[in-house]
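Here is the structure we will look at.
Please treat every number below as a calculation from the coordinates, not as lab data. Since the model is a prediction, treat every value here as computed from it, not as a measurement. Neighbour counts are summed over all protein chains in view; Cβ atoms, including those assigned to glycine, are modelled from backbone coordinates with ideal geometry.
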Amino acid sequence: MQIRTVATTPFPDQRPGTSGLRKKVAVFSQPHYLENFVQSIFDTLDLSGKALVLGGDGRHHNDVAIQAILRMAAANGVGRVLVGRGGLLSTPAASCIIRRRGLAGGFILSASHNPGGPGGDFGLKFNVENGGPAPEKVTEAFWRRSREITEYRTAEAPDLPLDRPGIQRLGGMEVEVIDPVADYAELMERLFDFDRIRALFADGFRMRFDAMHAVTGPYAAEILERRLGAPPGTVVRGTPLPDFGGGHPDPNLVHARGLVALMNGPDAPDLGAASDGDGDRNMILGRGCFVTPSDSLAVLAAEARLVPGYAGGLKGVARSMPTSTAVDRVAADLGIPCYETPTGWKFFGSLLDAGRVTLCGEESFGTGSDHVREKDGLWAVLFWLNLLAVRRAPVAEILEDHWRRYGRTYYTRHDYEALDPAAAAGLMDHLRQRLGELPGREVGGRRVRAADEFAYTDPVDHSRSTGQGIRIVFEDGARMVWRLSGTGTEGATLRLYLERHEPDPARQHDDPQAALADLVAAARALGEIEERTGRDRPSVIT
Ligand code: G6P
Ligand code: ZN
């Protein structure tokens with residue numbers, strides 16, 4: 001194998017966002033683009049002689065990028081790379097493999113829930129030895145390096161076949177193609193009561209899992225249908241496709257429309273679930289009912305003792321700031337700490353590593369625990385299955401019981417996508433300027449208790465993150481949260497998150513849009529949304 005040093009010049013736009021470097025396929029496939037970023041990682045971290053994992057969600061460009069990274073890893077002296085068969089690995093499975101096999105880290109190729117195909121998005125992120133995404137100080141170092149890079153190293157070598165498990169060599173580097181599902185499935189068997197879930201299915205329980213033609217298809221087929229005995233056909237859209245079948249692999253009420261319709265129709269099975277492009281998000285639906293991610297986290301926290309992996313109780317819980325406060329009430333009841341972190345799974349990593357929290361979750365359809373260092377879609381589904389297998393009650397009943405006990409937190413998120421970035425920044429600036437004068441004032445009939453721009457000091461490593469979204473809290477506990485998306489690739493996306501708590505069981509069955517209509521109207525006026533963005537309604541409501 002011959003090593004080649006290729007001269008290059010920096011790209012100005014390689015600063016990783018909320019979750020790695022995410023760009024249009026056309027950007028990523030420019031000559032040297034991927035290579036510059038990968039070399040910046042090799043230049044920042046000393047990975048020579050180390051073992052890494054490599055895989056992605058199978059989207060367009062996954063195959064080309066995997067071969068390029070393998071050649072560069074060999075040329076940069078990496079000792080060993082484990083690659084998921086066919087180049088596939090879900091994000092939580094990659095995290096699991098790094099941890100179980102004691103690897104130095106790994107490359108995950110995905111743009112998560114963003115559409116794929118030649119006109120879609122691609123992404124690359126590096127996870128470190130705890131199995132979680134590289135922390136911000138590390139990703140910032142990648143970015144700094146990418147701005148001064150002058151050359152990268154690669155190897156002259158043909159593409160390696162990745163379709164069968166086994167060991168190959170690329171120069172001095174060992175490449176092992178592994179079954180992408182096995183390690184992960186074994187971990188799930190240790191956390192959940194598979195016998196009990198099998199008994200549930202044997203008694204006629206029906207579910208539908210929508211893999212959205214993304215990476216979880218093979219995982220769900222193996223775990224749900226093969227190991228747990230769910231009837232064949234339980235997993236739909238189970239074949240990963242480079243363009244996700246033209247769909248938008250984001251499990252929410254808008255993009256998993258077919259599943260939502262099924263669950264609201266006459267033939268609804270007992271449980272509906274979906275996962276995103278790279279398998280870390282989840283959506284849970286019961287017959288005629290949608291479990292918001294914020295509620296799902298609260299229910300899992302409240303019921304965790306029913307599940308073997310969590311029977312010893314929870315050390316603490318964490319949620320991102322825009323996630324509803326439903327889990328806070330459970331934590332208070334359990335007498336355990338509840339942490340509020342900025343948006344982005346990476347902020348949970350240090351709390352999990354320090355043993356401060358066991359469960360964590362985000363409104364953006366992410367739920368997870370200390371079993372890996374990523375959010376985990378199928379894990380959340382199995383957690384619900386385990387609860388249902390113990391309680392033998394419909395999802396809706398479990399949810400209603402929860403609300404009766406803790407109150408219901410009505411919640412909605414309104415997204416304004418593809419905005420002119422200057423208009424979006426102007427809107428946020430305008431709110432920022434008003435923060436000081438809002439407390440004590442009435443907005444839409446409610447008195448403001450506090451208004452600030454969220455900043456966070458990690459209690460473990462004391463690192464500080466500022467500018468993490470504007471929050472306006474009212475005297476009755478209702479909240480309005482405003483932030484700009486860190487993952488969009490087209491213009492700016494404004495996210496507006498609204499919630500209010502309803503303790504009265506007689507008023508817990510309204511449509512959230514109706515229950516929150518006054519807050520929505522107040523927010524639109526306060527943010528001057530229409531005047532500033534030209535939009536009279538959000539593009540997506542979840
Ligand atoms: C990714 C991260 C999540 C985060 C989400 C926020 O999915 O993994 O942890 O919640 O991005 O995305 P946004 O577009 O709101 O910045
Ligand atoms: Zn994802």
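In table form, for the structure just shown:
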item	result
Residues whose placed amide H lies under 5 Å from that of residue 409, excluding near-sequence neighbours	502
Residues of segment 463-490 with amide N under 20 Å of a point placed 7 Å along Cα→Cβ from residue 525	471-482
Hz values of 3J(HN,Hα) by residue in segment 147-163 - Karplus curve (6.51, -1.76, 1.60), Gly and Pro given as x	8, 10, 5, 10, 7, 9, 10, 9, 10, 7, 7, x, 4, 8, x, 10, 8
Kirkwood hydrodynamic radius of the chain, Cα pairs, Å	23.8 Å
Rounded to whole Hz, the Karplus (6.51, -1.76, 1.60) HN-Hα couplings of segment 464-473, x for glycine and proline	10, 10, 10, x, 9, x, 9, 10, 10, 10
Cα centroid of segment 281-317 to Cα centroid of segment 160-203, whole Å	25 Å
Euclidean distance of C-alpha centroids, segment 1-43 and segment 98-145, integer Å	13 Å
About the Cα centre, charge dipole magnitude for segment 409-541 (Lys/Arg +1, Asp/Glu -1 at Cβ), debye	200 debye
9 Å beta-carbon shell around residue 23, net charge (K/R +1, D/E -1)	0
Where Cα atoms sit under 13 Å apart: lysine pairs in the chain separated by 8 or more or lying on different chains	4
Spin-label model distance (nm) - residue 182 vs residue 9, 7 Å beyond Cα toward Cβ	4.8 nm
For segment 249-256, Karplus couplings with θ = phi - 60° (6.51, -1.76, 1.60), whole Hz, Gly/Pro x	x, 10, x, 9, 5, 8, 8, 10
Pairwise centroid distance, computed over Cα atoms, of segment 449-481 with segment 488-530, Å	18 Å
Amide H within-cut-off set for residue 101, under 5 Å, with H built and near neighbours excluded	none
Charge dipole (debye, nearest 20) of the chain; +1 at Cβ of Lys and Arg, -1 at Cβ of Asp and Glu	500 debye
Simple label model, 7 Å out from Cα along Cβ direction - residue 490 to residue 163, nm	3.5 nm
Relative contact order [Cα under 8 Å, 6+ residues apart], the chain, whole percent	13 percent
Farthest positive-ward along the chain dipole, Cα basis, beta-carbon charges - from 523, 271, 131	131
Positive-end extreme of charge dipole, the chain - chosen from 431, 311, 212 (charges on Cβ)	311
Under-5 Å amide H pairs with residue 206, H placed in peptide plane, nonlocal only	270, 271
For segment 441-492, with +1 on Lys and Arg beta carbons and -1 on Asp and Glu, the positive-most of 459, 484, 473 along the dipole	473
